Amino acid sequence: ACPSPSRSSRPGSRLRLDMAQPVVFADPPGKFSFPGQENKTQAYWDEIDAFKESLRRSEGRKLWTFYDGPPFATGLPHYGHILAGTIKDIVCRYAHQTGHHVERRAGWDCHGLPVEFEIDQKLGIKSREDVLAMGIGAYNDECRAIVMRYSSEWVSTVTRMGRWIDFDNDYKTMNVEFMESVWWVFKTIFDKGLVYKGFKVMPYSTTCSTPLSNFEASQNYKDVSDPAVIIGFPLVGDPEGAMLCAWTTTPWTLPSNLALCVHPDFEYARVKDATTGKVLIMLKSRLTALYPAGKQKKSKTPLYTLLGSVSGEELKGREYEPCFPYFKDHRERGCFHVLADKFVRDDSGTGIVHMAPAFGEEDNRICREAGLINKAEGIVCPIDANGRFTDECPDYAGMYIKDADDRIMENLKAAGRLIDKDSITHSYPFCWRSETPLIYRTIPSWFVNVEAVKEKLLVNNEQTRWVPEFVQTKRFHNWLRDARDWAISRNRFWGTPLPLWVSDDGEEVVCVGSIEELKALSGRQDITDLHRQYIDEVTIPSKEGKGTLRRVDEVFDCWFESGAMPYAQVHYPFENKEKFESSFPADFIAEGLDQTRGWFYTLMVLSTCLFDKPAFKNLIVNGLVLAETGVKMSKRLKNYPDPMDVINEYGADALRLYLINSPVVCAETLKFKEAGVKGIIRDVFLPWYNSFRFFVQSANRLERDVGAEGRFKPDLNLAMSSPNAMDRWIVAAAHSLISFVRAEMEAYRLYTTVPRIIEFIEQLTNWRAFFLSFTLSHPSFLILS
């Protein structure tokens with residue numbers, strides 16, 4: 001940011017000082033504006049087209065590949081984006097300056113819930129039916145209109161931060177070329193047998209009316225308060241009318257109950273309640289859940305009488321009465337009996353678990369193993385896509401499930417089934433887009449069989465370098481080790497449609513991998529766009545005599561699209577085949593820690609399924625940038641300064657240095673403080689500038705005192721052979737720094753590189769400047785030295 005020496009130059013010429021040629025310095029101003037100088041530098045870069053010129057000059061060098069993870073342009077860039085962008089810019093510039101050709105294409109994530117949710121809010125859309133009534137074409141046109149709403153602000157902020165990236169040659173996930181490559185990716189793994197349709201209990205957003213993948217559900221946990229109730233289920237034929245006591249935090253699932261589950265090895269107590277006279281059965285070691293020790297101490301008489309005990313194995317098979325009569329015909333299938341499984345725990349609840357197989361993964365497994373349900377029938381799920389009860393439960397029809405909790409508990413209390421009512425605060429997953437609680441429900445979806453390639457994922461992970469390493473060897477390794485099949489379909493509208501055409505009986509499935517293939521199979525030659533409104537009506541004649549094949553309703557999870565970006569951004573394999581294959585995997589990527597279960601994961605899964613190799617070689621993971629108080633930054637709360645205000649006040653360089661000289665480059669959190677950016681100006685930039693200013697003033701004063709012969713002449717040989725101890729020290733320190741930076745940058749360790757550079761600047765500005773000042777003030781010392 002310092003002013004250049006006076007010299008003639010032409011746009012595009014290399015800036016340098018010719019050795020042994022006299023240099024005339026302009027006196028630096030006493031008051032210096034770093035943001036002002038940055039604006040002048042940016043104007044000069046624009047004038048000479050510096051970034052594009054650097055690319056033109058590096059053509060023919062060895063290609064060094066970088067992938068830029070696509071952000072959504074429906075929101076403004078924040079400090080997390082600025083941090084990741086700074087890291088990317090530093091590493092890419094270093095790669096260019098060490099003899100590589102580094103293409104840097106910007107990308108935009110255009111599809112998915114973030115866009116649809118905004119349109120739903122804008123148009124007041126409450127359900128899937130509202131979209132269908134409006135028309136998919138009209139709805140998608142609304143989505144397309146806002147996709148790039150803040151793109152100009154992104155370009156402005158990123159450019160002002162000094163980052164060099166190509167916005168003119170960007171990629172968008174909504175472009176037909178990108179979407180066609182996504183189809184190719186899917187067809188390739190489909191043909192390998194790694195795609196299947198299944199019915200599984202999945203995280204589900206009732207607000208967005210779509211399932212989410214497990215890694216999406218893991219992104220946004222919050223502490224919430226839910227009801228914690230104990231419900232009585234009378235045993236059929238019990239002479240004392242004993243009731244099995246089951247504990248649940250989701251009363252809305254009770255109408256869907258099909259079984260109860262105990263642990264076969266646990267001991268269950270049969271007690272008589274002193275207040276109600278009811279005979280209750282629950283885990284003996286968990287009687288305190290109903291009769292706390294504190295409550296017993298306050299009572300003058302026992303709260304219950306122990307009548308006996310029974311093992312879980314003995315309870316297995318016993319028949320009981322459900323809470324509601326809505327699905328009583330399922331008794332013929334064997335429902336409403338006690339099952340036994342060792343998943344039941346003794347550290348919470350009552351040791352008896354209420355089974356609603358439509359809304360719990362273990363519930364589903366246990367009921368399926370007992371033969372109560374199968375993939376095709378038997379699953380009771382009386383809620384619609386928006387989480388409202390259907391007419392199957394007439395007492396609650398039309399009510400949102402959580403709103404029905406109180407009414408369900410009131411009805412159970414009136415029926416004498418509500419044994420105890422309390423509340424519990426626990427961590428619960430929320431939809432990452434709508435910020436509403438998720439539920440778990442059984443829903444049909446298309447899956448990538450990740451478990452089939454799990455071992456390959458672990459091997460490929462070991463072929464990559466992560467900085468810091470612990471994210472790779474612990475967090476990411478553990479996530480891959482426990483990886484489950486990936487639900488890639490979404491029951492939405494604005495996205496890349498699944499290229500699957502299916503017969504009415506579901507037996508014949510055709511997967512299409514390109515536009516030309518679809519034209520050939522359908523006989524339609526007018527296919528130019530792949531969004532739903534253009535291809536939903538395209539049909540394919542059956543080759544097996546099953547009539548007409550129609551496309552399935554779903555679109556891709558937008559994470560599938562971002563994971564496919566290495567191939568789709570260059571329209572592989574339809575274009576750029578040789579170039580892509582010679583430069584894959586990428587040399588470098590970088591994003592935040594939250595992408596460990598997001599983009600990093602989807603990149604690894606798809607590249608492993610396609611090529612049995614990782615999608616990248618080197619990765620820098622940054623931590624999260626929080627508000628100064630340590631909470632998440634919130635536009636609504638206004639708990640952080642606007643990035644552009646900080647840039648305009650202190651400059652982009654100060655912000656960049658503040659961010660990368662912090663624990664956040666080691667995947668730790670950073671509590672952002674504007675005072676920290678100001679401190680960079682005070683402690684680093686101003687001393688550095690003042691040292692330069694002092695040097696220029698000294699050089700100019702020497703020329704004035706001695707004449708032309710005293711004019712400063714840079715002389716490397718003289719500097720290297722100087723007998724002055726301080727000269728030799730600073731030259732040695734500079735060369736040591738150069739060697740250190742090169743070694744650490746080759747290892748992608750910014751967290752060691754940046755502090756060392758700052759340390760050198762401090763040595764230069766403090767000790768060297770002090771020595772120069774002292775010797776100019778004491779000529780005799782200069783002679784002696």
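The values are calculated or read from the model by the stated rules, or taken from the named source; none is laboratory data. All of these numbers come straight from a predicted model, not from anything done at the bench. Note: ideal-geometry Cβ built from the backbone for every residue, glycine included; neighbour counts use all protein chains shown. For accessibility, only protein heavy atoms count, side chains too; no ligands or nucleic acids. Shrake-Rupley method; radii C 1.70, N 1.55, O 1.52, S 1.80 Å.
Okay, here's what the table says:
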{"read-out": "Those GluC sites (Glu not before Pro) in the stretch 25-79 that DSSP places in a loop and that have at most 16 other beta carbons within 10 Å", "value": "Glu59"}
{"read-out": "Share of alpha-carbon pairs per 10 Å distance bin for the stretch 544-641, given as whole %", "value": "13, 31, 24, 20, 10, 2, 1"}
{"read-out": "Dipole-positive endmost among Ser156, Phe167, Ser181 within the stretch 152-191 (Cβ charges, Cα centre)", "value": "Ser156"}
{"read-out": "Percent accessible area from carbon and sulfur atoms, the chain, protein chains only, probe 1.4 Å", "value": "51"}
{"read-out": "Rounded to the nearest 20 debye, dipole of the stretch 462-526 from Cβ charges on Lys, Arg, Asp, Glu", "value": "600"}
{"read-out": "Dmax and Rg, reported as Rg then Dmax, of the stretch 126-232 (C-alpha, Å)", "value": "20.6, 66"}
{"read-out": "³J(HN,Hα) computed for each position of the stretch 131-145 - Karplus, 6.51 cos²θ - 1.76 cosθ + 1.60, integer Hz, glycine/proline x", "value": "5, 5, 5, 5, x, 4, x, 5, 5, 5, 5, 5, 5, 4, 5"}
{"read-out": "Computed [θ] at 222 nm, helices only, for the chain once each DSSP H run of length n ≥ 4 contributes -39500 (n - 2.57)", "value": "-10500 deg cm²/dmol"}
{"read-out": "Residue among Phe692, Met399, Asn386 farthest towards the positive dipole end of the chain, charges placed on Cβ", "value": "Phe692"}
{"read-out": "Calculated P(r) of the stretch 500-607 - Cα pairs past 18 Å, %", "value": "61"}
{"read-out": "The chain: angle of helix 599-611 to the longest principal axis, Cα-based, in degrees nearest 10", "value": "80"}
{"read-out": "Options Leu260, Ser285, Tyr326, ranked by Cα towards positive dipole end of the stretch 197-335, top entry (Cβ charges)", "value": "Ser285"}
{"read-out": "Nearest-0.05 FRET efficiency for Met148 and Lys192, computed from C-beta distance (R0 35 Å)", "value": "0.50"}
{"read-out": "Label-point separation, Lys673 to Val631 (7 Å along Cα→Cβ), nm", "value": "2.0"}
{"read-out": "About the Cα centre, charge dipole magnitude for the chain (Lys/Arg +1, Asp/Glu -1 at Cβ), debye", "value": "2240"}
{"read-out": "Computed label-point distance, nm, for sites Arg481 and Val24 using a 7 Å Cα→Cβ extension", "value": "7.0"}
{"read-out": "Percent of C-alpha pairs per 5 Å bin, the stretch 464-514, short to long", "value": "4, 13, 13, 14, 12, 10, 13, 11, 6, 3, 0"}
{"read-out": "Surface accessible to a 1.4 Å probe, Asp27 within the full protein complex, Å²", "value": "100"}
{"read-out": "Paramagnetic reach from Asn648 (point 7 Å along Cα→Cβ, amide N under 17 Å) across the stretch 154-189", "value": "154-162"}
{"read-out": "Selection of chymotrypsin sites (Phe, Trp or Tyr not before Pro), the stretch 547-611, meeting DSSP coil and at most 16 other Cβ within 10 Å", "value": "Phe574"}
{"read-out": "Under 23 Å from the Cα of Lys62 - lysines, other chains or at least 8 residues apart", "value": "Lys52, Lys88, Lys577, Lys579, Lys613, Lys617"}
{"read-out": "Accessible area in square angstrom per residue, the chain, 1.4 angstrom probe", "value": "46"}
{"read-out": "Convex hull volume per residue in cubic angstrom - Cα atoms of the stretch 292-343", "value": "161"}
{"read-out": "Hull-based mean projected area of the chain, where the convex hull spans the alpha carbons, in square nanometres", "value": "43.6"}
{"read-out": "At most 13 other Cβ within 10 Å, DSSP loop - trypsin sites (Lys or Arg not before Pro), the stretch 181-242", "value": "Lys192"}
{"read-out": "Potential extension, Lys122-Gln525 segment - 0.36 nm per residue separation minus Cα distance", "value": "141.5 nm"}
{"read-out": "Computed lengthening from His78 to Asp223, 0.36 nm per intervening residue step minus Cα-Cα distance", "value": "49.7 nm"}
{"read-out": "Gyration tensor over alpha-carbon atoms, the stretch 603-760, equivalent ellipsoid semi-axes in Å", "value": "41, 26, 13"}
{"read-out": "Size of electric dipole in the stretch 298-347: Cβ of Lys, Arg +1 and of Asp, Glu -1, about Cα centre, debye, nearest 20", "value": "240"}
